[in-house]
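The values are calculated or read from the model by the stated rules, or taken from the named source; none is laboratory data. Source: prediction; values computed, not measured. Backbone-built Cβ (ideal geometry, glycine too); neighbour counts: all protein chains shown. We work out accessible area using only protein heavy atoms, side chains counted, and drop any ligands, DNA or RNA first. Shrake-Rupley method; radii C 1.70, N 1.55, O 1.52, S 1.80 Å.
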Amino acid sequence: MSRNWSATLISMLSGEEITRCFLAELNNGITPVVRMTSFDADLPIGAETFSKSAGFNVSRYVVRTGGEAAALDIELPFSDDGPIYADHVRRGAWRGATAIIWIADFSTSPPGREIIAQGFVGLTEFTDRLQGRIEIATLADAMKDIILPTIQTKCHFQFAGPRCGVNAATYTRTGEVTAVTNRRNFTATVTSPGSLNFTKGKVTFTSGANAGAKAWVRSWSSGTGVFEMVTDFPFDIQVGDDFSVLSGCEQDRAACVLYDNVNRFPGTEFVLE
């Protein structure tokens, strides 16, 4: 989407003396929000403070008319000292985190800033040599992807998503962990599950080290209360941790009937030969 930058910032960029720096904000919904600046001192902007970080820099950027980033190479520091901890990257805590990158004029008070990229962490990589990589996909990049639905008998909508239309709150329950096997498997009691089946559902922790973290349920047993997740949660699960859990869906017409949503079923189980 095209937009106009402020005259002050344009004047700074076109002047002989460049007083620019970069700002970054990353939020994974679990650990504290990370705000960094490439300036050599902390920069307060309103209620937010962007901490100086020698390891953060935008090493290359090309800007189209209107401020959209045409090319952007970002260096992000992570180590055992934070603010982006190497162990958290290795555990996958930053996958899917939101990211905003600004260009700013540090000579003004407060510093003027404009967004040059906004998106999410699409990929994290980590090696046993204490090296890693975070890839940020911008919203513009995501919108360029062409996604075609597969013609199949099953539904390809995300349950309780916008296209599905089912009200997630109606089929969400609360739970508490009662026993832990590892970061992927645990036992819990669910409040008033009724006839709901949480296999293929989604767990969101609301307390404990994983508060804010979400993961999909591979299987759930109504008899034992055992949850097996598709992927590990980033941090250790503890007895007493609270969570919310959305019911699962078998993605077929019978499930749509169960959820009183059959008019939206997109499957093609009846095909003319």
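A compact table of results
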item: Residue count for the range 235-247, restricted to those that are buried (at least 20 other Cβ atoms within 10 Å of the Cβ) and either at pLDDT below 95 or assigned to a strand (DSSP E or B) (or both); result: 3
item: Residues of the range 168-186 that turn out to be within 18 Å of ASP232 (Cβ to Cβ), of a type in the set (A, V, I, L, M, F, W, C) and open to solvent by less than 50 Å² (accessible area, probe 1.4 Å), as a count; result: 3
item: Only listed residue being open to solvent by less than 30 Å² (accessible area, probe 1.4 Å), modelled with pLDDT under 75 and closer than 30 Å to ALA211 by Cβ, chosen from ALA117, ALA137; result: ALA137
item: In the range 210-234, the residues that are under 20 Å from GLY92 (Cβ atoms), among the hydrophobic types (A, V, I, L, M, F, W, C) and buried (at least 16 other Cβ atoms within 10 Å of the Cβ); result: ALA211, ALA213, ALA215, VAL217, PHE227, MET229, PHE233
item: Check on PRO266, part of a loop (DSSP other than H, G, I, E, B) and either touching a residue at least 60 places away in the same chain (Cβ under 8 Å) or open to solvent by 80 Å² or more (accessible area, probe 1.4 Å) (or both); result: yes
item: Out of LEU9, LEU43, sole residue that is of a type outside the set (Gly, Ala, Ser), more than 25 Å from the chain's Cα centre (by Cα), at pLDDT 90 or above and surrounded by 13 or more Cβ atoms within 10 Å (Cβ to Cβ); result: LEU43
item: Yes/no for THR189 being free of Cβ contacts under 8 Å to residues at least 40 places away in the same chain, open to solvent by 30 Å² or more (accessible area, probe 1.4 Å) and touching a Ser or Thr at 6+ places or on another chain (Cβ under 8 Å); result: yes
item: Some residue of the range 58-74 being open to solvent by less than 50 Å² (accessible area, probe 1.4 Å), modelled with pLDDT of 80 or more, of a type in the set (Gly, Ala, Ser) and over 21 Å from the mean Cα position of the chain (by Cα); result: no
item: Qualifying residue in the range 145-161 (condition: among the aliphatic types (A, V, I, L, M) and modelled with pLDDT of 90 or more); result: yes
item: Residue count for the range 92-114, restricted to those that are within 19 Å of the chain's Cα centre (by Cα) and open to solvent by 70 Å² or more (accessible area, probe 1.4 Å); result: 2
item: Matching entry among THR31, THR19, THR49 (being of a type in the set (Val, Ile, Thr), open to solvent by less than 40 Å² (accessible area, probe 1.4 Å), at negative phi and at pLDDT 90 or above); result: THR31
